[in-house]
1. Could you give the size of the charge dipole of the chain about its Cα centre, using +1 on the Cβ of each K and R and -1 on the Cβ of each D and E, expressed in debye and rounded to the nearest 20?
2. Which value, in Å³ per residue, describes the convex hull spanned by the Cα atoms of the chain?
3. Is region 409-552 rounded, prolate or oblate when judged by the Cα gyration tensor, a ≥ b ≥ c being the square roots of its eigenvalues, rounded requiring a/c under 1.5 and prolate requiring a/b larger than b/c?
4. Take each of the peptides 462-469, 271-278, 645-652, average the number of other beta-carbon atoms within 10 Å over its residues, and list them starting from the highest.
5. To the nearest 20 Debye, how big is the dipole of region 44-190 about its Cα centre, given +1 on the beta carbon of each Lys and Arg and -1 on that of each Asp and Glu?
6. Per residue of region 383-388, what does 6.51 cos²θ - 1.76 cosθ + 1.60 with θ = phi - 60° give for ³J(HN,Hα)? Whole Hz please, x for Gly and Pro, Karplus curve as stated.
7. Using +1 at the Cβ of each Lys and Arg and -1 at the Cβ of each Asp and Glu in the chain, identify which of Thr320, Tyr509, Ala39 lies farthest towards the dipole's positive end.
8. Please name which of Thr79, Ala347, Thr311 has its Cα lying farthest along the dipole of the chain towards the positive end, using unit charges on Cβ (Lys, Arg +1; Asp, Glu -1) and the Cα centre as origin.
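Each reported figure results from applying straightforward, stated rules to the coordinates on display, with no laboratory input. A quick note: this is a predicted structure, and the numbers were derived from the prediction, not measured. Using ideal geometry, Cβ is built from the backbone for each residue, glycine included, and neighbour counts are taken over all protein chains shown.
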Amino acid sequence: MPDVPRVYHPRDRDIPARSEHAPDHLDGLNPEQRAGATAMGSPLLIVAGAGTGKTRTLVHRVAYLIESGTRPERILLLTFTRRAAQEMLSRVERLVGAQGRHVQGGTFHGTAHRLLRTFGPAAGLASDFSIMDQADAEDLMQVGRAHSGVAAKNKRFPKKETLHYLYSRHVNTEKSLHHLLHEEYPNFVEYEEEIAKIWADYTGRKSDRNLVDYDDLLLFWTLLLEQAPDLAARISGLWDHVLVDEYQDTNALQSRILRGLAGAHGRITVVGDDAQSIYAFRGATIRNILDFPGQFPGTRVVTLEQNYRSTAPILECTNTLISRARERYTKELRTAREGGEKPWLVAARDEAQQTRFVADRILELHEEGIPLREMAVLFRAGYMSADLEIELARRKIPFDKWGGLRFLEAAHVKDVLAFLRILENPRDEVSWYRILMLMPGIGEQTARAAIGSMADMAWTSGAFGRFAPPPRARNAHASLVQLLELLRVGAAPDDSQVSRDIARVRQMYDSLLREKYDRPEPRLADLDQLQVIAAGYPSRQAFLSAIALEPPSGTQDLASGADEEDDVLVLSTAHSAKGREWDVVFLIWAVDGYFPMARALGDADEEEEERRLMYVATTRARNHLFVTYPLQAYNTRRGADYTLDQLSRFLDRGVRDTMERVALGENDVPAAELAPPPTTVDLRALLRGRFGA
């Protein structure tokens with residue numbers, strides 16, 4: 001008898017339903033939160049200021065709907081991250097018992113993906129489609145760009161990244177190409193017709209190869225609801241109540257989706273804060289939340305104004321900051337937290353002094369008992385922390401930076417994933433090209449010829465094996481054919497199939513990686529972690545879809561056993577900090593041209609979004625807020641218009657009156673002590689002599 005391992009099935013969690021005699025969970029809500037949780041019979045807009053318990057209100061609303069007789073599987077909760085949905089549904093489960101786990105929840109893109117797998121075939125979309133990430137979409141756009149021949153004639157023709165950016169903006173904002181070019185790229189206006197042709201080529205290639213990009217997921221869902229009445233009725237009939245978190249971050253397509261899902265019955269709840277609308281660069285529009293009552297007649301508006309996060313002085317400062325916004329829902333956040341010091345407004349001579357102050361103050365607060373993980377340094381853009389990172393490393397202060405190169409955007413990770421993608425979708429031209437360009441002896445011409453040959457053979461599974469490569473590529477071709485056959489005829493799918501597939505790919509790929517990189521060890525470690533992550537998925541399709549829809553920013557995001565208690569300081573862009581909070585927040589570079597960014601100056605809408613972004617950053621603080629600005633800067637990132645720095649225009653006199661002005665003392669080494677000693681050696685000459693120069 002073969003040695004077959006015994007399968008252990010975990011016990012079902014026994015979470016009892018709430019007893020009739022249990023305390024009413026609504027007792028823990030303030031009157032505003034209770035009104036939001038229990039409102040019935042009409043569209044509902046909950047305007048939730050920063051730190052007012054909007055997640056708590058939304059969770060209790062889901063629980064209230066279930067206790068009022070709505071079947072949990074008939075409730076759809078849409079969020080912007082899978083983690084947020086899981087957290088909310090877990091809290092619902094604790095409130096109402098095991099039935100809470102049947103609530104349908106997820107991201108817009110994740111929900112669209114599930115619906116398209118089910119309903120897409122009835123609307124001409126094969127269910128085995130592959131999802132491209134942004135980099136893959138840009139590569140496919142480049143194929144059309146090269147095929148058009150326009151770029152070769154003029155060096156100023158937009159690059160693939162710009163072409164894809166414009167395409168995505170067009171889909172998500174519903175602005176015409178003509179409008180976008182005049183608004184954002186006037187230097188490319190003359191190429192409008194050529195760009196439109198490349199977009200058409202891009203769309204055709206996606207269709208021929210059964211590929212979809214992120215934008216297609218929402219666009220196809222929208223079209224199902226608007227162009228296929230029978231399917232629309234089935235989809236909208238799946239849920240009796242639709243609830244949406246962070247509604248201020250939705251785009252035009254998502255608004256159309258919600259009107260298609262709930263426009264007829266009006267049982268829709270959206271929660272958001274117009275003052276935290278900061279994602280216009282992704283296509284989000286503040287108009288969705290401002291115009292919601294007009295789009296859903298009879299809307300009831302509930303405003304949450306009781307802040308549970310910040311001290312009164314911090315709240316006074318942030319209220320004053322956002323009160324300058326041109327258009328908003330009027331709300332004045334209040335707090336029951338007494339005491340606390342005013343936010344500091346710290347003027348530094350230059351970036352070096354700003355950096356020293358931040359590092360010094362972090363160490364002082366840490367010695368006073370505040371953990372590093374309860375402190376964050378925020379900035380408008382990632383490059384603004386470069387000097388600080390060097391100083392923190394010098395002082396041995398551990399930190400974690402949010403917002404850098406995503407794990408899945410690393411070339412070696414994308415290489416391995418490309419092998420899995422062509423197994424799921426043999427027509428994935430982008431992945432084929434990536435793999436072929438890795439192989440010794442195969443250049444661009446041979447890769448294009450191989451792809452053309454496979455297309456002529458209708459992308460059948462053995463098409464690549466029947467391609468006749470040139471002599472220099474025969475060994476690589478034979479090795480790749482052998483690997484693909486091994487992957488295709490592998491064992492039946494089980495819980496370790498994907499991990500085994502990656503292991504087989506690595507039998508070939510690891511040697512290629514070692515040849516390509518001087519320091520392969522960190523990249524090999526990434527692939528080890530990718531293999532561990534993959535072991536948790538039942539199939540290649542499930543794995544590839546999950547990582548495309550919710551890509552981790554690093555291996556630690558998906559690794560099991562990650563230690564969340566590590567005491568490390570957080571460095572973060574203001575965008576990445578949204579939804580988080582800390583005891584201590586430093587906001588650095590509060591200078592015109594940095595915050596607001598230079599490119600936003602002169603555009604009223606962009607400047608307003610920058611104001612909202614600063615509001616988001618400052619409202620992350622519970623107890624201590626430090627805003628710093630250097631008076632001088634020595635870089636050219638903002639352009640030649642800036643020499644001496646000017647305090648951010650958002651910190652006007654009224655805002656400054658709510659803050660404590662702080663001047664930094666001079667602890668620098670006197671200039672005389674820094675005078676260079678007399679020359680005793682010629683280092684350049686020594687170096688030339690060593691290397692025989």
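1. Charge dipole of the chain: 1280 debye, to the nearest 20.
2. Output value, Cα hull per residue: 238 Å³.
3. It is oblate, given that a/c is not under 1.5 and a/b is not larger than b/c.
4. Ranking the peptides 462-469, 271-278, 645-652 by packing returns 271-278, 645-652, 462-469.
5. With Lys and Arg at +1 and Asp and Glu at -1, about 340 debye.
6. So the J values, rounded to whole Hz, are 5, 6, 9, 4, 5, 5.
7. Tyr509
8. The Cα lying farthest towards the positive end belongs to Thr79.
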